[in-house]
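A short worksheet on the structure shown next.
The values are calculated or read from the model by the stated rules, or taken from the named source; none is laboratory data. What you see is a predicted model, and the numbers here were worked out from it, not measured in a lab. Don't worry about glycine lacking a Cβ; one is built from the backbone with ideal geometry, like all the others, and counts go over all protein chains shown.
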Amino acid sequence: MPGRKETFKTFIGLTIAVFVSLLGLAGNPEPPEGFTALFNGEDLTGWHGLEMSDPYKLDAMTLAERQAKREASKPETLKHWQVENGELVNDGKGPFLTTDGEYGDIELLLDYSTVPKADSGIYLRTTPQVQIWDYTEEGGKWKSGADKGSGGLWNNSKGSAGKDPLVLVDKPFGEWNHFRIIQVGERTTVYLNEKLVVDHARMANFWDRSKPLRPKGHIQLQTHGGEIRWRNIYLREIGSHEAADLLASKSRAGFERIFNGKNLDGWRGPVDDYVIQDGAVMCRPGKGGTIYFPEELTDFQVRFEFQLPPGGNNGLAIRYPGEGNAAYGGMCELQVIDNTSEKYVGKIDDRQFHGSAYGMVAAHRGFLRPVGDWNYQEVTVRGPTIKVELNGTLILDADLSQVADFLDDRPHPGKDRTSGYFGLAGHNDPVKYRNIYLRELD
């Protein structure tokens with residue numbers, strides 16, 4: 001049986017081992033596989049201070065002006081942000097801690113611990129915010145929704161999806177809370193302490209609600225009224241293939257695959273002018289015309305993936321009558337086009353770029369993946385309205401019954417059609433489509 005001296009030595013040895021282990025954990029974060037550590041546990045490398053700033057105004061600055069702005073914020077940043085035992089600590093004041101890098105589609109993991117009456121949040125794409133606050137009545141913000149807990153997209157419009165968390169799961173003050181945030185396009189999912197609190201909701205563009213959420217931006221840790229600590233800040237960028245899978249995994253009920261990836265059996269129109277290649281359909285070189293799925297539709301959704309070649313131009317036939325020009329005889333043709341090509345930039349009307357209702361309503365630009373990558377798109381048609389969601393971002397939300405101004409003053413007699421077919425309007429370019437699914441809407 002060991003004596004007191006040996007027992008004491010063993011105790012000291014174990015204590016030192018645990019202490020050394022904790023020091024190692026604090027100074028050298030070990031991110032999960034596929035993730036990188038945004039915070040190194042030692043200093044503010046990779047971060048800078050930035051007060052709440054309109055990113056559109058930041059974009060308008062020169063590189064030198066932005067760098068000068070960062071330098072000017074350093075004294076206040078270092079005054080209010082410290083690193084203690086591998087934790088980022090803010091006293092509730094000063095500029096927001098901001099990543100040097102900008103990010104788009106991501107999975108973000110982080111832990112935080114805060115105090116009574118504190119109010120904070122996580123900015124994504126330089127935009128507020130995933131909310132963090134005192135959820136108790138004593139915190140004084142129940143009128144603002146604090147009684148529902150943290151994790152909601154607080155700057156979304158009142159009553160919109162994601163504004164309030166689905167469940168209150170904040171831990172008591174002094175304990176660590178864990179976030180897992182997944183964002184693809186505008187679509188944002190938030191888990192707090194392993195519970196789903198925001199489910200695939202659109203994050204609003206706080207800076208300009210008439211525009212979609214920006215495609216990229218900084219991650220910011222907000223400072224607001226009380227101490228907050230952060231640790232284990234890990235990030236993984238999501239590629240286009242995974243992003244498409246994540247988007248397609250939502251609301252699969254009722255969708256029917258209308259292109260089998262092998263042939264165009266069941267489709268009508270000039271099908272001989274199209275070819276199947278690696279599970280995708282595209283025009284033969286120099287060929288085209290509108291092919292369509294012969295099921296007459298009123299209100300419907302269609303989702304698919306597409307790949308643009310450089311300068312590629314194609315379209316989607318919406319409520320197509322089965323003959324004639326889809327852009328004029330159908331409800332509309334939705335553009336599928338390479339927005340970046342020198343063939344088009346500055347040479348065509350805004351209503352001719354990708355996602356636009358051709359010649360009638362322009363879509364927002366800046367959300368296509370690089371030429372050669374696969375894009376994911378969903379189109380929703382209800383009555384006279386049509387929505388286009390590209391890679392998780394709503395780029396078109398139009399009521400065609402209200403359109404009175406047409407490209408080249410050429411009317412679109414089919415725009416008020418209430419039914420028709422869905423099809424692909426080929427224009428000689430090898431634009432590829434795959435995984436085409438359709439469902440009728442009640």
The range 381-417, subset of a type in the set (A, V, I, L, M, F, W, C) and not in a strand (DSSP E or B), residue farthest from residue 306 (Cα to Cα): 404
Tell me the strands (runs of 3 or more DSSP E) entirely within the range 173-274 that contain at least 2 residues that are touching a strand residue (DSSP E or B) at 6+ places or on another chain (Cβ under 7 Å) and of a type in the set (Ser, Thr, Tyr). 187-192
Any idea which of (1) surrounded by fewer than 20 Cβ atoms within 10 Å (Cβ to Cβ); (2) under 16 Å from the mean Cα position of the chain (by Cα) is the one residue 225 doesn't satisfy? (2)
Of all residues in the range 27-48, how many are more than 26 Å from the chain's Cα centre (by Cα), part of a loop (DSSP other than H, G, I, E, B) and of a type in the set (Gly, Ala, Ser)? 1
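Every residue, every condition in (1) part of a helix (DSSP H, G or I); (2) crowded, with 24+ Cβ neighbours inside 10 Å; (3) touching a helix residue (DSSP H, G or I) at 6+ places or on another chain (Cβ under 9 Å); (4) modelled with pLDDT under 95, yes or no:
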residue	(1), (2), (3), (4)
333	no, yes, yes, no
341	no, no, no, no
345	no, no, no, yes
355	no, yes, no, no
364	no, no, no, no
368	no, no, no, no
371	no, no, no, no
379	no, no, no, no
Residue selected from the range 8-60 under the condition at pLDDT below 50 and among the hydroxyl-bearing types (Ser, Thr, Tyr), by the criterion farthest from residue 82 (Cα to Cα): 10
All but one of (1) crowded, with 23+ Cβ neighbours inside 10 Å; (2) without any contact (Cβ under 8 Å) to a residue 60 or more places away in the chain hold for residue 391; state the number of the condition that does not hold. (2)
Looking at residue 385, is it in contact with a Phe, Trp or Tyr (Cβ under 9 Å, 6 or more places away or on another chain) and surrounded by 13 or more Cβ atoms within 10 Å (Cβ to Cβ)? no
In the range 325-340, residues that are free of Cβ contacts under 8 Å to residues at least 60 places away in the same chain and more than 24 Å from the chain's Cα centre (by Cα) total 1
